[in-house]
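J.: Structure below; questions to follow.
The values are calculated or read from the model by the stated rules, or taken from the named source; none is laboratory data. Because the structure is a prediction, the values reported are computed rather than measured. Cβ: placed from backbone, ideal geometry, glycine included. Neighbour counts: every protein chain shown. Accessible surface is based on the protein model in full, side chains and every heavy atom, while ligands, DNA and RNA are left aside. Shrake-Rupley method; radii C 1.70, N 1.55, O 1.52, S 1.80 Å.
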Amino acid sequence: MSVCVGVVTHERRDEARHEARVARDRLAAAGADSFWVDEDLDRLPDADLLLVIGGDGTILRAAELARPYETPILGINFGHVGFLAEEDPEAFDLVVQAVVARKWTVDSRLTIDVTVTFPDGSTKTDWALNEASVEKGPHMRMIEADIGVDRRGLSSFKADAVLLSTPTGSTAYNFSAGGPIVWPDVEALLLTPIAAHALFARPLVVSKESTLEVYIRSDNAVVWFDGRRNIEAPEGSLITAVKGGHPVRLARLNDSPFSGRLVRKFHLPVEGWRRPKDEA
């Protein structure tokens, strides 16, 4: 039975759209069945793989579609850093060959489920692969928040934002905010304050079984999920984050370690690593 591939691409990036059409042609020539996900959502449950041609933003959009079915996602980076993508455009032909031959493995990535409890007791929920960012609302200078873990308070401060992240998201917004990089196979949750006015405002790494909490003491906040969806959180709201009930599955074509991905994506200077003395 031929592999069934749903193709997702950046809607406004001409190069990505062109390469996506090329990918579909090559998949068809190799005997694979492919379809445009955005045009044929009814076929999504039957897909063996989602091939994403774009940047991390496009992969996050694909994750929203794939998560209910736990369909693996394979990204070809046509964005900037492209940390979630498996390959760059120059490996395009090899990717198509591997997909047709079903030669991929799958990483299961932890997500977070977030609940916003409003002052009147009502709730809204959403989820994120990278992070939920609790940010100041429109026309607000800062948010004033209490943070806690497992129903115990830890600190109170004013800040620009508070990030509730996954290990996958540790190389995204959390990385830019000075938070720790956590290997994706470490099942943990992260809390990172941004520009907090407090003596104790360090990033936290806690168990996957823990609950992260942010209480909005004053002013209004907005909770953004992977920068794509949001819930407004007025003064008196409580935001809680726990390990997600459904993971996101990322397809891999090689077994290179995460440290190699860090070096490659961030262009880290490792020229002197284990260099023999006679080469120094």
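J.: When the chain is modelled as a GNM with alpha-carbon springs shorter than 10 Å, which of Asp46, Asp93, Asp120 fluctuates the most?
T.: In the Gaussian network model the winner is Asp120.
J.: Okay, moving on. At 1.002 mPa s and 20 °C, plugging the Kirkwood radius over alpha-carbon pairs of the stretch 8-143 into Stokes-Einstein gives what diffusion coefficient in µm²/s?
T.: Details: Rh = 16.7 Å.
Taking Rh from Cα pairs, D becomes 128 µm²/s.
J.: Please build a GNM for the chain, connecting alpha carbons under 10 Å apart, and tell me which residue among Glu144, Glu135, Glu90 fluctuates the most.
T.: Of Glu144, Glu135, Glu90, the most mobile in the Gaussian network model is Glu90.
J.: Give the relative contact order (percent, whole number) for the stretch 127-280; include only Cα pairs under 8 Å separated by 6+ residues.
T.: 24 percent
J.: For the chain, what relative contact order do you get, as a whole percent, if you take Cα pairs closer than 8 Å and at least 6 residues apart? Before the final figure, lay out the partial values.
T.: Numbers: 620 pairs, mean separation 53.0, N = 280.
Once normalised by length, the contact order is 19 percent.
J.: Further question: As a test of the formula, what do you get for the chain when each DSSP H run with n ≥ 4 contributes -39,500 (n - 2.57) and the sum is divided by the residue count, at 222 nm and rounded to the nearest 500 deg cm²/dmol?
T.: Numbers: 5 runs with 49 residues, N = 280.
Mean residue ellipticity at 222 nm (helix-derived): -5000 deg cm²/dmol.
J.: With a probe of 1.4 Å, find how much accessible area the stretch 112-243 has per residue, and write the answer as a whole number in Å².
T.: Counting only protein heavy atoms, the per-residue value for the stretch 112-243 is 46 Å².
J.: Among DSSP beta bridges whose residues both lie in the chain, state the antiparallel percentage, nearest 5. Could you put the intermediate results ahead of the total?
T.: Numbers: 59 of 75 bridges.
DSSP beta bridges in the chain are roughly 80 percent antiparallel.
J.: Quick check: at a probe of 1.4 Å, how many percent of the accessible area of the chain sits on carbon and sulfur atoms?
T.: C and S atoms contribute 48 percent here.
J.: Subtracting the Cα-Cα distance from 0.36 nm times the residue separation, let me have the gained length for Lys124 to Ser108 in nm, one decimal.
T.: On the way: separation 16, 0.36 × 16 = 5.76 nm, distance 2.57 nm.
In short, 3.2 nm is gained.
J.: Which lysines have a Cα lying under 17 Å from the Cα of Lys136, excluding residues fewer than 8 positions away in the same chain?
T.: Lys158
J.: Only Lys, Arg, Asp and Glu count, each charged at its Cβ (+1, +1, -1, -1), so figure out the dipole size of the stretch 120-214 about its Cα centre, rounded to 20 debye. Mind dumping the intermediate values first?
T.: Numbers: 8 positive and 12 negative charges, 55 e Å.
In total the dipole reaches around 260 debye.
J.: Let me ask something else. Would you work out if the stretch 201-260 is rounded, prolate or oblate? Take a ≥ b ≥ c from the square roots of the eigenvalues of the alpha-carbon gyration tensor; rounded if a/c is under 1.5, else prolate when a/b is larger than b/c, oblate otherwise.
T.: Numbers: a/c = 2.54, a/b = 2.01, b/c = 1.26.
The shape class here is prolate.
J.: What is the Cα coordinate range of the stretch 120-172 on the first, second and third principal axes, sorted by size from largest, in whole angstrom?
T.: Sorted largest first, the three principal extents are 28, 27, 25 Å.
J.: Can you tally the net charge around Pro203? Count Lys and Arg as +1, Asp and Glu as -1, for every other residue whose Cβ sits under 15 Å from the Cβ of Pro203.
T.: -1
J.: Now for a separate question. To the nearest Å, what is the center-to-center distance of the stretch 83-115 and the stretch 207-244, using C-alpha atoms only?
T.: 29 Å
J.: Which lysines, if any, have their Cα less than 24 Å from the Cα of Lys208, not counting same-chain residues under 8 positions apart?
T.: Counting by Cα, and skipping residues close in sequence, Lys208 has these lysines nearby: Lys124, Lys243.
J.: According to a simple spin-label model (label point 7 Å from Cα along Cα-to-Cβ), what is the distance in nm between Ala198 and Ser256?
T.: Roughly 3.9 nm, to one decimal.
J.: If you take Rg/Rh (Cα atoms, Kirkwood Rh) from the coordinates, which of (i) 1.02; (ii) 0.96; (iii) 0.93 do you get?
T.: (i)
J.: Who wins for biggest fluctuation among Ile53, Ile231, Ile216 in a Gaussian network model of the chain, springs between alpha carbons below 10 Å?
T.: Of Ile53, Ile231, Ile216, the Gaussian network model singles out Ile231 as fluctuating most.
J.: Here's another thing I want to ask about it. About the Cα centre of the chain, how large is the charge dipole given +1 on each Lys and Arg Cβ and -1 on each Asp and Glu Cβ? Please answer in debye to the nearest 20. All intermediate terms of the calculation are to be shown ahead of the outcome.
T.: Numbers: 32 positive and 42 negative charges, 123 e Å.
The dipole of the chain has a size of about 580 debye.
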